[in-house]
1. Does Tyr65 meet the test of being in the same structural domain as His345 (by TED's automatic domain parsing), of a type in the set (Phe, Trp, Tyr) and open to solvent by 20 Å² or more (accessible area, probe 1.4 Å)?
2. What are the pairs with Cβ atoms under 7 angstrom where one residue, in segment 223-241, is under 11 Å from Asp282 (Cβ atoms) and the other, located anywhere, is of a type in the set (A, V, I, L, M) and open to solvent by 30 Å² or more (accessible area, probe 1.4 Å)? Sequence gap at least six, or different chains.
3. Can you tell me which residue among Asp132, Asp152 is at pLDDT 95 or above and in a loop (DSSP other than H, G, I, E, B)?
4. In segment 550-582, what residues are closer than 30 Å to Glu486 by Cβ and open to solvent by less than 20 Å² (accessible area, probe 1.4 Å)?
5. Please verify whether Ala533 is open to solvent by less than 30 Å² (accessible area, probe 1.4 Å) and either over 30 Å from Tyr32 (Cβ atoms) or not in a strand (DSSP E or B) (or both), treating the condition exactly as stated.
6. Which residues, taken from segment 134-181, are more than 30 Å from Leu87 (Cβ to Cβ) and within 16 Å of ligand 1 (Cβ to nearest atom)?
7. Open to solvent by 20 Å² or more (accessible area, probe 1.4 Å) and out of contact with any strand residue (DSSP E or B) (no Cβ under 8 Å at 6 or more places or on another chain), is that true of Gly586?
8. Against the definition (aliphatic (A, V, I, L, M), out of contact with any Gly (no Cβ under 7 Å at 6 or more places or on another chain), closer than 30 Å to Phe584 by Cβ and outside the structural domain of Arg44 (by TED's automatic domain parsing)), how does Ala429 come out, yes or no?
Amino acid sequence: MKQPLLLALGLCASVALGQGLSAQSPTPKPVYPVPTQAQIDWQRLETYAFIHFGLNTFNDLEWGYGNTPAKTFAPPVLDVEQWVTTLKRAGMKGIILTAKHHDGFCLWPTKTTEYSVKNSPWKGGKGDLVKDLSEACRRHGLRFGIYLSPWDRNNANYGFPEYQKIFHEQIRELTTNYGELFEYWFDGANGGTGWYGGADSARKIDPLTYYDYEGATKMLLRNNPNIMIFGGTTHTIRWIGNERGWAGETNWAMYDESKQKHYTQAQWGMEDASHWLPGEVDVSIRPGWFYHHREDHQVRSVANLVNIYYESVGRNANLLLNCPINLDGKIPAVDSARLIAWHDHIKASFRDNKLRKATARASATRPGRSFQPRNVNDGNSDTYWAVPDGEKTASITLTLPREELINNVALQEYIALGQRVRSFALEVAGRGGNFRPIETKDSLTTIGYKRLIRFEAVKAKALRLTITDARGPVCLAEVAAYLAPEVLEAPRIRRDSRDSVYITTTARNAHIEYQLVPRNVGATHNLWKRYTAPFYLPDDFTTIHARVSSASNKDKAQATYSVGYSLSKVKTPELADDLRTKLFDGNGYSTVTLPRGVRALTLELDQPRRISSLTYTPSQQRDARGHIQRYKLYVDGQEVAEGELANIKHNPIPVSLELKTPVEGRTIRLVVTKTVDDVPEVTIGDLSIY
Ligand code: FUL
Ligand code: CA
């Protein structure tokens, strides 16, 4: 009797869905497509790390051409133990290594090419980085995965049928000798110019047929039945469609490439698509994927990383965060400090679910014991509340034992039965019992495996979630609410060319104070003042201190800004007004390029002043050109300084151009006598005068 009934309900697949089956409470029908168990397990990893390391690291390149000798790979030490312990401490569940990037250099001693670690000085040519890292991962309980670039700019056979065999043999080596792999990355960048064994040519291939991804996949699956595949033609996860660290607020796990008009559609997925293809957000902790000394000061801040977490994991996608290895063979100290502080913040944010002891009441519940409202706050994403067939809206109210402050809600659908919710509403009631909508900047659309919603802290005695539209009867696995601490970063102090001062913070609901230090040594300091709006800065102050604190984080983060002369009084005859603003806006990313052929900049002060130095910030843009390398400084026609910024190419941080002795004068001329790489244009990120 039982079997025919289930079949009549179309539930032949439900045995695999693992819910209790009884006549009075059949499992809800799946809303197709649904994930495989391997896809569900993968989604639960949430965060794991990417490691870009190889010849590019030593060539200071992002895309090596494939022509530099294998012996260039020469890390003095290579501490995989440091990588793994750092990444584990940062909450990462696995590591994916670039076993071979586009330059073709292999980090394992493959038999398929001479272009590998075996011809490098590292461990006297006896090293095997894939082995070392896979073993370290296993020792520390992390998953291990491989990135293998299909494109190979070193291989003479690339573009011809022989390369396909070489590529497959590389996959065979990697999938048989290094234990189980959780993910495999076939990168999408393909064909084009390269060294190709000396041919130094351009080669074009058809990425859909050239590599025989189908055959490669059979090999992958032989030893790794649960592996997730990125890229190629047989993938089980999808690229999120950008490398900036976010998924769409509306993000369906479903996708159909045959319906794709532009790759950026992957940012949102497709509501109506045939495949379960969940998104993976890949982003680097630095501007580049490989390590570059010149980016040492551009490591993402904790606040930025926290934001990325909310916009990836918090939007139904996994986060693959890249951590480049430096020339010493280590994750740089700054990066590892940020990673750990980031994870500590995330842990603190989601430690204490204020709804854990709440009582749950639903508008409607499917009959039977398995689908009760209390399943949404049992801390188990395998149990869920479900509504009767045919109902596509529903609401659930969670009443807390006592009123609590919350600023964060986490929702999870029971995705084994498909992703259903299209939109929802969130309301909160204080002790008085009147529900009002939670005010949030987030759009309350899809949920999927996980959705995180942030808002200003509110007092909650009860929380009501209403699913307003869904693709099928609602199956909700978890509803949680938290009070996450504010991320407190040093505030940013900025002055525009009219001498207005702006102090900003990434923390919401923060309290900002500032203090001005007078130019005249004898004068007394101002007291700390509350900052509420931009203010005009008169000439008589040299330094601004600012500090930020917040209600949910009692620490204080402080910043200092040295002022220099009032910029509203400086004229720049070579530059149009909008460029002058960029020159003095305290932002090294807004870059001024001097007009064609101009190699000097005149700064005219309103009256003669004592001048002791100029601070020059090179352009902070990625791959910027035109940094000043050699310069001369004149005041009222007299040469007062000259110098060379020897390391500016690799370390483009603000530098002080000091005068030999301070002089009194009105007209400053900065003459550029050499740019980095001798390019004709001159660029300046920012400038100030002291
Ligand atoms: C891209 C590559 O071209 C980049 O170098 C990097 O490996 C990134 C993760 O994928 O397609
Ligand atoms: Ca549950």
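The values are calculated or read from the model by the stated rules, or taken from the named source; none is laboratory data. Since the structure is predicted, the reported quantities are computational estimates derived from the model, not experimental observations. Every residue, glycine among them, receives a Cβ derived from its backbone with ideal geometry; neighbour counts consider all protein chains shown. Surface accessibility is based on the protein's heavy atoms, side chains included, excluding ligands, DNA and RNA. Shrake-Rupley method; radii C 1.70, N 1.55, O 1.52, S 1.80 Å.
1. Details: in the same structural domain as His345 (by TED's automatic domain parsing): yes; of a type in the set (Phe, Trp, Tyr): yes; open to solvent by 20 Å² or more (accessible area, probe 1.4 Å): yes.
Yes.
2. Partner pairs satisfying both residue conditions: none exist.
3. Values: Asp132 fails: in a loop (DSSP other than H, G, I, E, B).
So the residue among Asp132, Asp152 that is at pLDDT 95 or above and in a loop (DSSP other than H, G, I, E, B) is Asp152.
4. Just the residues of segment 550-582 that are closer than 30 Å to Glu486 by Cβ, to begin with: 550-563.
Those that are closer than 30 Å to Glu486 by Cβ and open to solvent by less than 20 Å² (accessible area, probe 1.4 Å): Ser550, Ala557, Ala559, Val563.
5. Numbers: open to solvent by less than 30 Å² (accessible area, probe 1.4 Å): no; either over 30 Å from Tyr32 (Cβ atoms) or not in a strand (DSSP E or B) (or both): yes.
No.
6. Across segment 134-181, the qualifying residue is only Tyr158.
7. On the way: open to solvent by 20 Å² or more (accessible area, probe 1.4 Å): yes; out of contact with any strand residue (DSSP E or B) (no Cβ under 8 Å at 6 or more places or on another chain): no.
In short, no.
8. Values: aliphatic (A, V, I, L, M): yes; out of contact with any Gly (no Cβ under 7 Å at 6 or more places or on another chain): yes; closer than 30 Å to Phe584 by Cβ: no; outside the structural domain of Arg44 (by TED's automatic domain parsing): yes.
Criteria not met by Ala429.
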